[in-house]
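What follows is a set of notes on a single structure, which appears directly below.
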Amino acid sequence: MIIRSRAVSIAWSLLISGTPCLAGEPTPPVVKQVPGQAELGFIEIHGVAAGAFQPGLWQEGALHWLPDVRSPLIRPRWSGVFRNIYAPSIVEVPSGWRVFYGAWDGVDTGNDRIYSLVTNDFLDFRDRATVIGNGVFIHACNVSAIRFDDGSYHMLCTVYPDLKKQNKPAAFHSPDGRTWNGSPAPYPARMSDIVEMTGYPPYEEADINGVNVLFFEGGTYYLYFNNWRDAGRLYRASGEDGKRFRFDGTCLETSHAVNDVKKFVAGGRPRYLMALHRNTDRLWYALSDDGMRFGPERELVTHLGDQDRYIVAVGWVVRGDRLLGFLYGAGAVPGLNRNRIFARWLQKRVVFVTDDGKRLAPTQSLGPDRQLIPIVGEIKGHFEVFAEDGKTRLAQSPATKAVSGAVYVVDTPQ
């Protein structure tokens, strides 16, 4: 379905830019009913995933986010009595995504470890397993992972305590996603895995807790990090092997915690998107043209309710040139030890307008490519389709009806 939505996004992008559809080009999208069952009390709209990254919408803060109906999206396992799951890093793989996360994932002790699971579509999940054990440390958490085209992985995690009783990033490499630093998963983290850094004198005494973002570009690994003992600035370092880094300097004046950085190309120009949090009830983002200087920060979203009141981590969900949404760790208590992983998705907005003028809008999503509109019974009217800002109208369907429990798709005529 996401492949189909990409074709639709081409037509939408033509409409947004004001370019008319010529012969042989995609025509405006339509909404049609397809066989299937949605939950009663709703209609389910497919084909609404975000299209190619549009920096203008991010610069304006005009983004249509929908929370996933599964709240939380990922819960801890029930097998153990320690259940605190919160630090996601989402890596694109050929079949979909591999979600790494730090947690007490239903275990017998309150020690953070690194886990992962796999999904094709963020509808169903499989292959849930422990990847990195805490080893000689009390905790190994706050994973930031990347995958290369040959199927190998590199990741940084926070380990605690180092020899100075502080948090530090540690590096782990895998040729296949199953063996890490030369040992089958779960690999027990070791003191020798801790990242080395030159050019930043405070590093030895630094507290780098949950702020160790790994990024790779042009043969160079980059580490974005904060130091809680040197507050108010966000830094970058670089290196060739993902274990030894050189200090580059300040990226952003902020007291917020960096959690992810992704690169897009729009209009032939690079755009770097950073995600930040501060253990509060909201998230932030910042943009950059060069990957070094970011800002200003903008508010991304606020919490939904009591269950995600304290947001402690965030990771972007990317597919090719599209930012589809983000996962975030959050919980209901200020102790930050009862977290779950929630999701918000950036989507087109489909509204059903009844014959008497009532506008029925989507309230929730189901993964990145489906949204839900509350509908009771059978209602006559028409659909309107809006862009990812939720305001720019792209198309209007002919007169039709919406039937509770039915499935619809936004599609382009062939």
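Structure notes:
- Span from the region 262-279 Cα centroid across to the region 133-168 one, whole angstrom: 23 Å
- Largest-first ellipsoid semi-axes for region 249-396, taking √(5λ) over the Cα gyration tensor eigenvalues, angstrom: 32, 22, 12
- Highest-first arrangement of 271-278, 178-185, 69-76, where packing means the average Cβ count within 10 Å: 271-278, 69-76, 178-185
- If R0 is taken as 60 Å, the Cβ-Cβ distance between SER192 and THR354 corresponds to a FRET efficiency of 0.35.
- Of the peptides 140-146, 81-87, 264-270, the ranking by mean beta-carbon count within 10 Å, highest at the top, reads 140-146, 81-87, 264-270.
- Taking 0.36 nm per residue of separation and subtracting the current Cα-Cα distance, fully stretching the chain between ASP230 and MET292 would add 20.4 nm.
- Within the shell defined by Cβ-Cβ distances under 9 Å, the residues around LEU287 carry a net charge of +1, with Lys and Arg each +1 and Asp and Glu each -1.
- Fewest-first ranking of LYS165, LYS380, LYS262, using other Cβ atoms within 10 Å as the exposure measure: LYS165, LYS380, LYS262
- Above-threshold pairs, the threshold being 18 Å between Cα atoms, out of LYS32/LYS401; LYS32/LYS348; LYS348/LYS391; LYS243/LYS263: LYS243/LYS263
- For the chain, the alpha carbon convex hull comes to 146 Å³ per residue, rounded to a whole number.
- Taken one residue at a time, the phi angles of region 90-102 give Karplus couplings (6.51, -1.76, 1.60, θ = phi - 60°) of 9, 10, 6, 10, x, 8, x, 9, 10, 9, 8, 7, x Hz. Gly and Pro are set to x.
- Over all other residues within a Cβ to Cβ distance under 9 Å of PHE122, the charged ones net out to -4, with Lys and Arg as +1 and Asp and Glu as -1.
- Centre-to-centre, using Cα atoms only, region 68-108 and region 228-245 are separated by 27 Å.
- For the chain, the longest principal axis of the Cα atoms and the long axis of helix 2-17 meet at an angle of about 70 degrees.
- Two-site FRET efficiency, SER95 against ARG244, from Cβ-Cβ distance with R₀ of 22 Å, rounded to 0.05: 0.10
- Taken as Cα centroids, region 381-396 and region 300-370 sit 19 Å apart, rounded to the nearest whole angstrom.
- Per-pair calculated FRET efficiency, R0 = 30 Å: THR109 and LEU163 via Cβ, rounded to 0.05: 0.85
Read-outs throughout are calculated quantities, based only on the coordinates presented, and are distinct from any laboratory measurement. Since the model is a prediction, treat every value here as computed from it, not as a measurement. In this analysis, Cβ positions are derived from the backbone assuming ideal geometry, glycine residues included, and neighbour counts consider all displayed protein chains.
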